[in-house]
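Engineer: After the structure tokens below, expect a handful of questions from me.
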Amino acid sequence: MIGVAQIGCYIPEKKLSNLDLLEKFKTDEAFVRDKIGVVQRARKEKDEKASDLCIKAFENLLTKQNIRSEEIECCVVVTQNPDFNIPHTSAIVHGALDLPESCASFDISLGCSGYVYALSVVTAFMQANGMNRGLIFTADPYSDIVDENDKNTALIFGDAATVTLLDADAKLKPLGFDFGTKGSGFKNLISQDKLYMNGRAVFNFTASTIPDSIHKLLDKLKLNKEQVDKWYFHQGSKYIVDTITKRAGLDKEQVIFDMYEYGNTISSSIPLLLSKDILHFQKGQKIALSGFGVGLSWASAILEQS
């Protein structure tokens, strides 16, 4: 069975401070730290595209894991801000990394729920086609679409990329998933040249949906929440992570939060968190993931270290 072997990451060195914008947006430091949870936002260079960020994440992966390009059988990029409308960004990444022509490459157009969706889609795709090694990239450079004068979005989003190595011999494997869509709410988080977000509507959607998704998945797998060792939620904001933790009745010490220094990185937020812990899970430990946002959509998963 295909599992997660290792994760490479790229966070741009350039940072923009939210503390410099307190007067502009008539807010205070407590709001920035305790509600948004973003002190600095990572920013790519203006001429960098999603594929450039993916390649830098892959370079980081190579420092952690020995990978031969000819072994890669699947290359998938999760993004809603691709390099171009045509071709798919995964084809550009495929060429830049000199992956074999036999390597399947495709994009998944999903945002904040995209990483969890991709874990299900790509592991199933690989297993169905007898593949042993694949890559899931996440890169969604929102700096290209954020209006820097919009308080609802300007203080939140940062740029980053990750790449997850999937391997038939990996020990961290999915046990099950839960998915959903509330398409009637699509206009609450939308880009028509620039990003628009109805923060209240997105918060209400998340706060009501994700605790139910968690409990539904636990019931499906015949588990209770005490059997899950760590919880990795999409880092939408500190307030939303805290709210989910409270409404789902989770131990806050087991809920991972870390976006202060780079921001909400959309589909990269969960793998960025996982990358710090992936080599430290013990046999039998279970971890939960949940992504939510654009769509409006959500995806939750539980993985186990074998």
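Engineer: Do the conditions hold for GLU23, that is, is it surrounded by fewer than 18 Cβ atoms within 10 Å (Cβ to Cβ), among the acidic types (Asp, Glu) and either in the same structural domain as MET259 (by TED's automatic domain parsing) or under 30 Å from GLY199 (Cβ atoms) (or both)?
Structural biologist: Working: surrounded by fewer than 18 Cβ atoms within 10 Å (Cβ to Cβ): yes; among the acidic types (Asp, Glu): yes; either in the same structural domain as MET259 (by TED's automatic domain parsing) or under 30 Å from GLY199 (Cβ atoms) (or both): yes.
Here the answer is yes, as GLU23 does meet what is asked.
Engineer: Quick check on my filter: what residues within the range 184-222 are exposed (fewer than 15 other Cβ atoms within 10 Å of the Cβ) and under 23 Å from ILE156 (Cβ atoms)?
Structural biologist: Within the range 184-222, PHE186, LYS187, ILE190, GLN192, ASP193, LYS194, ARG200, ALA201, ASN204, SER208 meet the criteria.
Engineer: Moving on. Are there strands (runs of 3 or more DSSP E) fully within the range 185-279 with at least 2 residues that are closer than 28 Å to GLN305 by Cβ? List them.
Structural biologist: 230-233
Engineer: Another question, if that's okay. SER213: closer than 19 Å to GLY3 by Cα and at pLDDT 95 or above, yes or no? Working first, answer last.
Structural biologist: Details: closer than 19 Å to GLY3 by Cα: no; at pLDDT 95 or above: yes.
For SER213, the condition - closer than 19 Å to GLY3 by Cα and at pLDDT 95 or above - is not met.
Engineer: Starting from the range 1-29, keep only residues that are farther than 30 Å from ASN132 by Cβ, then list their pairs with residues that are crowded, with 17+ Cβ neighbours inside 10 Å and acidic (Asp, Glu) whose Cβ atoms are within a distance under 7 Å, requiring at least 6 positions of separation or different chains.
Structural biologist: As it stands, the answer is PRO12/ASP159, since those pairs meet every condition given.
Engineer: May I pose another question? Every residue in the range 60-83 that is more than 18 Å from GLY134 (Cβ to Cβ) and either touching a Cys at 6+ places or on another chain (Cβ under 7 Å) or surrounded by 12 or more Cβ atoms within 10 Å (Cβ to Cβ) (or both), please. Please lay out each step first, then the result.
Structural biologist: Initially, the range 60-83 is screened for residues more than 18 Å from GLY134 (Cβ to Cβ), giving 63, 80-83.
Correct list: GLN80, ASN81, PRO82, ASP83.
The values are calculated or read from the model by the stated rules, or taken from the named source; none is laboratory data. Keep in mind it's a predicted model, so treat the numbers as computed, not measured. Cβ sites come from the backbone with ideal geometry, for glycine too, and all protein chains shown count toward neighbours.
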